[in-house]
Structures are given as structure tokens and as C-alpha cells.
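The values are calculated or read from the model by the stated rules, or taken from the named source; none is laboratory data. In this text the structure is predicted, and so the values were computed from the model without any measurement. All Cβ positions, glycine included, derive from the backbone under ideal geometry; neighbour counts span all protein chains shown. Heavy atoms of the whole protein, side chains included, go into the accessibility calculation; ligands, DNA and RNA do not. Shrake-Rupley method; radii C 1.70, N 1.55, O 1.52, S 1.80 Å.
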Amino acid sequence: MKKFLSLALTLLMILSLAACGGDSAPKDSGGSPPASGGDSSSASGGKLVVYSALNEDNTIAIADQFKADTGIEIEYISLGGGDAVARVQAEMDNPKADFLVGGSVDLYGPLSEAGAFLEYDSPNNDGLDERFNDPNHFWQGWYMGVLSIIVNQDRFDKELAPKGLNMPETWDDLLDPAYKDVFVWANPTTAGGAYIATACQIFRLGEEGAWTYLKELDKNIHHYYKGAADVISPVATGEFIASIAWGHDSFKTQQEGYPLTLVIPKQTAYEIGGAAIIKGGPNSESAKVFMDWLLTKEAQELSVATSYRYPVRDDVAAPAGLPPLNEVDLVDYDRNQAASMKEAVLEKFEAEIISNRA
């Protein structure tokens, strides 16, 4: 009973941190005819049903290329990470989907413990860094995202540079009073990415130093948004000057022509994007093929091109315009500790920061 209650509380926490999901209607990937020229439902177990927490354009590109390469069609349902986790949990007694893709592997742990995933050790993960492979083989890391400071270059040049301010290079630069009311952030109690950024400060500064930092940063924050990605548009359009956001999502907005500058500070945190086969799904053999495919060089290159996320394979280049991963200074992020302290950290953030805002 205690284990069940613990799992339920963890799942409720995941839901509170997840961003809003996308369109939940099933969608056929369409795409090119099967590469084999035959019936795609015979060799590998049938059409693959995927719950995707990726951006929809990224999902479509992956689905189309997977069908072209294997002949297996994907029917996808776009959901936020927490919504996808909740649906897999709700359907454990009668799974409707075969695969969960996208979202941080931090979200996958409770489902792994509950028995929602099929154990599978892909032969294509043998050469990966061990942090990308679940030692129990219930989930697989297949991309990586890093946190960045984002700045509207136009407003910065007009308003802050004349005051003698240089472009921020470190987390501590954000404490400058010049950022007061021109800085926004996501609320860690509702945004998973913001919680990772909060944990980042704990890992780099220690408990006491981190809370001092977070309370000082709060003095500059105009307001908090609900979702981690919600901060990007208001900075890109110049409503505010700076924020903290995932580098890949911000870089994608920059590529659309907005005057958005990204800074990846030293001791930054990161997410490992997950994938897992749903236990009891109707097409487990097709799901294994998809897992193997996600780790191929071609699929990793496609992910980089369509999402600007870092690949997990060493032989695939980082997105053009972003530093190679081996040049990024990553904080020593302990995922087990981050998970175990999450409830206490969020309660303290709510009580000592959010509740005390004027």
C-alpha cells in the first residue's frame, strides 16, 4: 500500500510539472510508400501507435522517415510529457499504444517501477555513454537538451548595453539589478524544465547557496510562466529582455528570424530525452524496430535537423550554430537526488518564493 501511494503521489507531481500537451487526436503519419513495397502490417507486427511528447513537426518528420526506411506506419498522438505518462499509467491494464517517445527520462522512472514498460536492451546502444542507457533496460535516452540563458538582442543593445552591461555569461550575471522587471522565468512547481534549472543551482552552489541565489533572482523576475517553453516567445518578440529556457527550443525560434541570442553558461543542467516500449502494447515487435531505429546515425541526424537537440551518438554532429557537447560545461547533475528531493524543493519554492511575492 505504501508503495502504491508513493507511486500515485509521484505521478501527481509529474502531472503538475508537465507542460500542456498538444492535439490528442490520433494521426496517421502518411509519408512515403513502404520501402519494402509490401504490406507494412505483416513483417513487424502492424502499425505502430506512439504517444509523442516531441514537437509535432519533429514527430511528423520521424514518422515519415521511419516508414520510408522500414515500411512500418506510425499513428501518433501528441501529448505533453506528463499527459503522456498519465495516459500510459491509466492504460496499464489494457495498453492502447506501443511506444512512448520524448520528454525527460526523469518522467519515466515511476512508470518503470510500476511495470508499464517492456524490458528491451537495443543492440544499437552498446557504444553510448552509460548515462543514456537505463541499467534495467526499461527506457532509452536518445537525445539531450541543455539549459541556456536567452536574451532579446535588440532590447539588450538599446537598454542595457548603454548602462555598461555585458551580455550575461554566467548564472550569477542574472542577479544584476539591471534585469529587474525585464526578466521572466517559468515556475518550477509547474514546469519540469524550470525544476531542472532549480536543481542545477543546488548542485552547483549547495543547498544554502542555491536558496540565496534563487531568492535574489526572484527580485529581478517580473512574473513566472506556467510552462518551460512559455518564456521563449515574450523574449523573442521583445516583450521582455531575458529568461532561462531549453537551448534547442530557443535556437529553433532564433532560426525563424527573431533577434534571440543564446548563452550556454558554465555549470548548466541538461535533460536526457527518453523512449520506452509500452508493456502489453499490440505491436511490441514493431516497437523494438523503432527503438533500434531511433539510435541509428540517420535517425539521430534527422532529430538534430528537425529539433536542434543534441544527439547521443558521438559520430553525429551537434546542431550547426551550437557548441559541440564536449565543449559544454555540464553541472554534476545527480538524477536520483534530483528525483528524491523534488517534492521538498518545490514545497519550499512555493512557500518561500512564490507565496512571498508582492
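Can you tell me which residue among V345, V331, V289 is within 18 Å of G145 (Cβ to Cβ), among the hydrophobic types (A, V, I, L, M, F, W, C) and modelled with pLDDT of 95 or more? First the steps, then the outcome.
Values: V345 fails: within 18 Å of G145 (Cβ to Cβ); V289 fails: within 18 Å of G145 (Cβ to Cβ).
When all the criteria are applied, what remains is V331.
If you scan the range 55-100, which residues turn out to be touching a Lys or Arg at 6+ places or on another chain (Cβ under 7 Å), at pLDDT 95 or above and crowded, with 24+ Cβ neighbours inside 10 Å?
Hit for the range 55-100 is I74, nothing else.
For the range 174-195, which positions are of a type in the set (A, V, I, L, M), surrounded by fewer than 24 Cβ atoms within 10 Å (Cβ to Cβ) and touching an Asp or Glu at 6+ places or on another chain (Cβ under 8 Å)?
L175, V182
Can you give me the number of residues within the range 300-316 that are open to solvent by 20 Å² or more (accessible area, probe 1.4 Å) and in a strand (DSSP E or B)?
0
Can you tell me which residues in the range 230-260 are within 20 Å of A305 (Cβ to Cβ) and in a strand (DSSP E or B)?
Scanning the range 230-260 gives W246, L260.
Looking only at the range 128-150, how many residues end up being closer than 18 Å to A269 by Cα, out of contact with any His (no Cβ under 6 Å at 6 or more places or on another chain) and crowded, with 21+ Cβ neighbours inside 10 Å?
9
Could you list, in sequence order, the residues of the range 210-229 that are open to solvent by less than 30 Å² (accessible area, probe 1.4 Å), part of a helix (DSSP H, G or I) and either of a type in the set (V, I, T) or free of Cβ contacts under 8 Å to residues at least 60 places away in the same chain (or both)?
A210, Y213, L217
Check the range 265-285 and report whether any residue there is of a type in the set (A, V, I, L, M) and over 19 Å from G81 (Cα atoms).
No, the conditions are met nowhere in the range 265-285.
For the range 276-299, how many residues meet the condition of being of a type in the set (D, E) and buried (at least 18 other Cβ atoms within 10 Å of the Cβ)?
Filtering the range 276-299 for residues of a type in the set (D, E) gives 285, 292, 298.
With the extra rule that they be buried (at least 18 other Cβ atoms within 10 Å of the Cβ), the set shrinks to none.
Residues in the range 276-299 being of a type in the set (D, E) and buried (at least 18 other Cβ atoms within 10 Å of the Cβ): 0 in total.
State which residue is surrounded by the most Cβ atoms within 10 Å (Cβ to Cβ) when the search covers only the range 103-127 and only residues that are in a loop (DSSP other than H, G, I, E, B) and of a type in the set (A, V, I, L, M, F, W, C).
A116
So A161 clears everything in (1) in a strand (DSSP E or B); (2) open to solvent by less than 50 Å² (accessible area, probe 1.4 Å) except one condition, right? Which one?
Status for A161: all satisfied but (1).
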